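Have a look at the structure below before the remarks.
The values are calculated or read from the model by the stated rules, or taken from the named source; none is laboratory data. Since the structure is predicted, the reported quantities are computational estimates derived from the model, not experimental observations. Note: ideal-geometry Cβ built from the backbone for every residue, glycine included; neighbour counts use all protein chains shown.
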């Protein structure tokens, strides 16, 4: 019975997360910095904690933290990362790749994933599943699903560098994050009006 719960959760959450912003964050960070492990460990750690919050607090999490605050922080974070990536110079490429410490990349990934996914559709889905099934197996299935989608994002990010100069990846990532910032701002505007 445990494997059915974990498997069902894995399938639902995995399919919901393919192509989502957290997978794109993993791809962009792995490609920009050329490091896989800190990005992967940062993402998986964030997802493990987010899933724990979701199963423990269930649907109450959305009532606990105002959605406007979450959207405001995500909007500013994505805008900052987008502008930094968009205006990165070719001279910064080698410095970013070589000098980024694993610890700071882990923290950056953790914070970006944690803030972007807090209250996201997958976290709400995990909370809903936790109301129907044993929470330990829901947590396990969701965390494995999100770890797998993070691995796919990191692998895709590393492969892109073979065919696309890093400066263009910076530009693409900048546009992507500015777009996500604009979407978050639009959602925030919807809450405030």
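Remarks
- For the residues 16, 43, the requirement of being farther than 12 Å from residue 109 by Cα and out of contact with any strand residue (DSSP E or B) (no Cβ under 8 Å at 6 or more places or on another chain) singles out 16.
- Residue count for the range 149-163 satisfying the condition of being farther than 14 Å from residue 20 by Cβ, modelled with pLDDT under 80 and surrounded by 13 or more Cβ atoms within 10 Å (Cβ to Cβ): 5.
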